[in-house]
Amino acid sequence: MKKKMKRIGVLTSGGDAPGMNAAIRSIVRSAVHYKMEAFGIFRGYEGLINEEMKILDHRSVSNIINRGGTILKTGRSDKFKTAAGRRRAYEVIKRNNIDGLVLIGGDGTYRGGHIFNKEWGVPCIGVPGSIDNDIKGTDFTIGSDTAVNTALEAIDKIRDTATSMERIFIVEVMGRSSGYIAINAALSGGAEDVLIPERKYDMQELCQDIVEGNLRGKMSWIVIVAEGVAKAGDIAKMITDTTSLETRVVTLGHIQRGGSPTARDRTLATRLGAEAVSLLRKGLNAKAVGVIGNKINIVGLGTAVTKKAADVNSLCRLIKILT
Ligand code: ADP
């Protein structure tokens, strides 16, 4: 028989993403609305194992919808990857009468939740928080829109100076295995080239494009490189060695994780947080929430742990057509 949820736990885990706070707010206030208690668990799975938690009431999540980062802190936990660590996490959950968990994080967080649920049966619902937008079962992850906009703002500024000085800029953005930020920042920023992990690049072709652009009188050339492809400095060196043209390098780094979330990320976080609570109430288990075509979409946690295949070829072609 379905057990009535009286107390739920919420944690943020893995890489932080703007909008996680908006999700926490929505989860806590939805729980309060349905007369459930919400426990905030600090520092992801590590904090769960160490019993770092406190009750969050309606007021405790005031004025966080606009704040980047996560009030619950986040982190990685090697202990949770072991059976002994997960046993301790289960003991903490039992001792504190927590009936279900909402896990805000990326595919690693989902993987941990999936294994934990299988082993100990604790109901777990995943909410996608990741700047990389690489989680299956959702068109968008919380934080990815803000990260693209942060990168875009920087690219706009770089373009001003690149045009004035007639220079080639190589801009490195985040994305170890996902080109989402790179390709969307490139498209919206009017970059001339983009190098992403999902697609092989041809250095000769890139250099030839730059030289031809130079001959056509192009004032600037911006190449966006996802960090998973290569260091921007190495790409710049190869371009200079081949073309003898001067290059400049900018690595955007962690600014892409910070900042006030965009309206789109806040809305997504608010919708998905509330949905996660609603699923726990209904007795659903081991699910991940998302949106497909702006409609709420629910998939198994086991499905959501596999990374989604991005359709990048047509977007890369479009960048080349517009260069
Ligand atoms: P993200 O959720 O952003 O992808 P990570 O990949 O670092 O970030 O995963 C976050 C945490 O999830 C890890 O530190 C670990 O505690 C837990 N986790 C990831 N993979 C597993 C796994 N295979 N088994 C158990 N826990 C895992």
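FYI, it's all coordinate maths here, none of it is from the lab. Remember, it's a predicted structure, so these values are computed and weren't measured experimentally. Here the Cβ positions follow ideal geometry from the backbone for every residue, glycine too, while neighbour counts run over all protein chains shown.
Would you list which aspartates and glutamates come within 19 Å of K295, measuring only between C-alpha atoms, while excluding same-chain residues fewer than 8 positions from it?
D134, D139, D145, D265, E275
Over the alpha-carbon set of the chain, work out the extent along each principal axis and list the three values in angstrom, largest first.
73, 37, 33
Taking neighbour counts of Cβ atoms within 10 Å as a proxy for exposure, in what order, fewest first, do S177, S77, S164 appear? Intermediate results must be reported in sequence, preceding the final value.
Details: S177 14, S77 22, S164 10.
Final ranking by Cβ density, sparse to dense: S164, S177, S77.
Roughly what angle does helix 20-33 make with the longest principal axis of the chain, taking Cα atoms, 0 to 90 degrees, to the nearest 10?
20 degrees
Tell me which of L268, L318, S60 sits at the most positive position along the dipole axis of the chain, charges placed on C-beta atoms (Lys, Arg +1; Asp, Glu -1).
Checked the options; the winner is S60.
Long-range amide H contacts for E172: which residues qualify at under 5 Å (H placed 1.01 Å from N, peptide plane, sequence gap of 5 or more or a different chain)?
When sequence neighbours closer than 5 places are left aside, the close amide H contacts are V225, V250, T251, L252.
So what is Rg over Rh here for segment 145-258, counting just Cα atoms and using Kirkwood for Rh? Don't skip to the end; give the middle numbers.
On the way: Rg = 12.9 Å, Rh = 13.8 Å.
Taking Rg over the Kirkwood Rh, I get 0.94.
Could you name the lysines whose alpha carbon sits less than 27 Å from that of K237, not counting residues in the same chain fewer than 8 places away?
Hits, sequence-local ones excluded: K157, K200, K218, K320.
Quick one: compute a quarter of the convex hull surface over the Cα atoms of segment 1-61 and quote it in nm².
Numbers: hull surface 19.2 nm².
Approximately 4.8 nm², given one-decimal rounding.
Mind checking the angle between helix 203-215 and the chain's longest principal axis? C-alpha axes, 0 to 90 degrees, to the nearest 10.
Its long axis makes an angle of about 50 degrees.
For helix 232-243, what angle does its Cα long axis make with the longest principal axis of the chain, in degrees from 0 to 90 and rounded to 10?
20 degrees
Just to be sure I understand the model, the point goes 7 Å from the Cα along the line to the Cβ. What's the resulting N297 to N50 distance in nm?
The answer from the label model is 3.7 nm.
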